Amino acid sequence: MAKTDNFEDALKRLEEIVRELENGEIGLDKALELFEEGTKLSKFCAKKLANVEKRVEILRKDEKGEDVLELFQEIESD
């Protein structure tokens with residue numbers, strides 16, 4: 001897997017892998033290699049999405065019952 005910090009590039013590559021695996025015209029070794037790459041990309045994308053969700057502003061009530069906007073902190077990645 002090419003090292004990427006870009007969600008869109010990782011998702012695009014993951015889609016390419018899925019198409020190639022669905023095509024069924026590759027050997028077992030190549031299919032396993034693509035499956036492993038796809039698994040890594042899937043985990044990368046899921047972690048990126050989780051970080052985005054955590055950073056989205058949320059509306060919550062403070063101790064006085066007033067609305068306060070707050071940001072979550074980013075999850076540490078491996």
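Being of a type in the set (Ser, Thr, Tyr), within 14 Å of the chain's Cα centre (by Cα), surrounded by 13 or more Cβ atoms within 10 Å (Cβ to Cβ) and modelled with pLDDT of 95 or more is a description that applies to Thr39.
Residue under question is Lys61, and the condition is that it be modelled with pLDDT of 95 or more and over 20 Å from the mean Cα position of the chain (by Cα); does it hold?
no
All of (1) surrounded by 13 or more Cβ atoms within 10 Å (Cβ to Cβ); (2) modelled with pLDDT of 95 or more hold for Met1 with one exception: (2).
The values are calculated or read from the model by the stated rules, or taken from the named source; none is laboratory data. The structure displayed is predicted, hence computed values, not measured ones. Heads up, the Cβs are rebuilt from the backbone with ideal geometry, glycines too, and the neighbour counts pull from every protein chain shown.
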